Amino acid sequence: MTRPRSIYLVDYSCYRPPSHLQVRYKKFMEHSRLTGDFDESSLEFQRKILERSGLGEETYLPEAMHDIPPRPSMAAAREEAEQVMFGALDNLFANTNVKPKDIGILVVNCSLFNPTPSLSAMIVNKYKLRGNIRSFNLGGMGCSAGVIAIDLAKDMLQVHRNTYAVVVSTENITQNWYFGNKKSMLIPNCLFRVGGAAVLLSNKAKDRRCAKYKLVHVVRTHKGADDNAFKCVYQEQDDIGKTGVSLSKDLMAIAGLALKTNITTLGPLVLPINAGGRAVIDELEKNLQLLPVHVEASRMTLHRFGNTSSSSIWYELAYTEAKGRMRKGHRVWQIAFGSGFKCNSAVWQALRNVKPSPNSPWEDCIHRYPVELVL
């Protein structure tokens, strides 16, 4: 009765936006210029960041940001959220044959867009989930909130027997684009792109036979008691009242301290997977003495999809599966960094030789990867 229940990852799905939402460097710079919000210095700064970012020419921005002028409205933000969340969930339900009414727990995380009714309520309404569902909506928790959501779902699955949990991890760009000229607040415009993932977890013993992974560990590290760490990723207004997210120059050092604490707790069990940005990947590769193949999934995900915030770790896992590298017994360590400042880890063990699920985000392009990057 008191023994912890095993938690199985039955399947997951990453949203792949339609091709017309792709944004090439040239289009990005043209639109930035046409908005009239950025001075020449800011435009040149964005161009340099793009060139060094590790992002390719096929990442996605939401519909509203392709318009001139952009439409950062509440309605457009809801449209982006619905397209991403429902797109991932439709594919997840189709691939698993699990009925929405079978879901007992729902956890949604999105840091910057928190409407009323909540994103979790939007999912309940769309799929007509049952009235006694345990529903949670996590906001303001940054890029590492996907692991936090997994941890919360895990705890709920220890309490509620014989049920499924769905975790939806996403971020919303439409209302969080920065239209000012403060350099530290322009960086997110150049890194963050549209994406999201839906994950199906189970505590049913019978699901071990069909599940991809078993959850082994979750370790969460929070450095928010330190003022510098607390403010290194900070949503604020600039001097003329433009809202955006500021990234501190101390970010890499703070991330390193959080990572050190997290690894000390977890131990060097498996290889890291993280796509926060090229600088983060470079530092992990150097300081953990990794080979290029060990960070390939991170670099290629950043190149193909950009930084999709909390869902990045799932695009990376999907890359590893698409390459046929996930074998039975392998352990995978997902590391995510986020505002606060937090470093969170999840460790999974493959229950079989894992193949990519239908409609994987890499399905039509994995043959082109890895690509050569100019570093």
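Brief remarks on what is shown
- So ILE281, is it within 23 Å of SER53 (Cα to Cα), in a helix (DSSP H, G or I) and at pLDDT 85 or above: no
- Among the residues of region 1-27, the one identified as in a helix (DSSP H, G or I) and touching a residue at least 60 places away in the same chain (Cβ under 8 Å) is LEU21.
- Tabulated pairs, region 175-193, first farther than 17 Å from ALA64 by Cα, second aliphatic (A, V, I, L, M) and in a helix (DSSP H, G or I), C-beta under 7 angstrom, 6+ apart or interchain: ILE187/ILE49
- Count of region 334-359 residues, restricted to those that are within 20 Å of GLU285 (Cα to Cα) and either surrounded by 22 or more Cβ atoms within 10 Å (Cβ to Cβ) or touching a Gly at 6+ places or on another chain (Cβ under 7 Å) (or both), is 10.
- Qualifying position, being on the phi > 0 side of the Ramachandran plot, touching a strand residue (DSSP E or B) at 6+ places or on another chain (Cβ under 8 Å), without any contact (Cβ under 8 Å) to a residue 60 or more places away in the chain and not in a helix (DSSP H, G or I), among GLY329, GLY324, GLY340: GLY329
- The residue that is modelled with the lowest pLDDT, counting only those in region 1-56 that are of a type in the set (Gly, Ala, Ser) and farther than 30 Å from TRP348 by Cα, is GLY36.
- Residues in region 289-335 that are over 23 Å from VAL216 (Cβ atoms) and small (Gly, Ala, Ser): GLY306, SER309.
- Residues of region 189-229 satisfying the condition of being assigned to a helix (DSSP H, G or I) and surrounded by 16 or more Cβ atoms within 10 Å (Cβ to Cβ): ASN189, CYS190, LEU191, ASP207, ALA229
- If you go through region 75-109 and keep only what is touching a Pro at 6+ places or on another chain (Cβ under 9 Å) and either over 15 Å from ALA121 (Cβ atoms) or small (Gly, Ala, Ser) (or both), you end up with ALA76, ALA77, GLU79, GLU80, ALA81, GLN83, VAL84, GLY87, ASN91, PHE93, ALA94, ASN95.
- Contact map, region 44-66: first residue surrounded by 17 or more Cβ atoms within 10 Å (Cβ to Cβ), second residue part of a loop (DSSP other than H, G, I, E, B) and of a type in the set (A, V, I, L, M, F, W, C), Cβ cut-off under 6 Å, separation 6 or more or different chains; pairs are TYR60/VAL194; LEU61/VAL23; PRO62/ILE173; PRO62/VAL194.
- Residue match in region 360-368 (condition: surrounded by fewer than 19 Cβ atoms within 10 Å (Cβ to Cβ), modelled with pLDDT of 95 or more, assigned to a loop (DSSP other than H, G, I, E, B) and not acidic (Asp, Glu)): yes
- Answer from LEU317, LEU302 - the residue that is crowded, with 20+ Cβ neighbours inside 10 Å, at pLDDT 75 or above and farther than 22 Å from LEU251 by Cα: LEU317
The values are calculated or read from the model by the stated rules, or taken from the named source; none is laboratory data. All figures in this text were calculated on a predicted structure; none of them were measured in a lab. With ideal geometry, Cβ positions are generated from the backbone for all residues, glycine too; neighbour counts draw on all protein chains shown.
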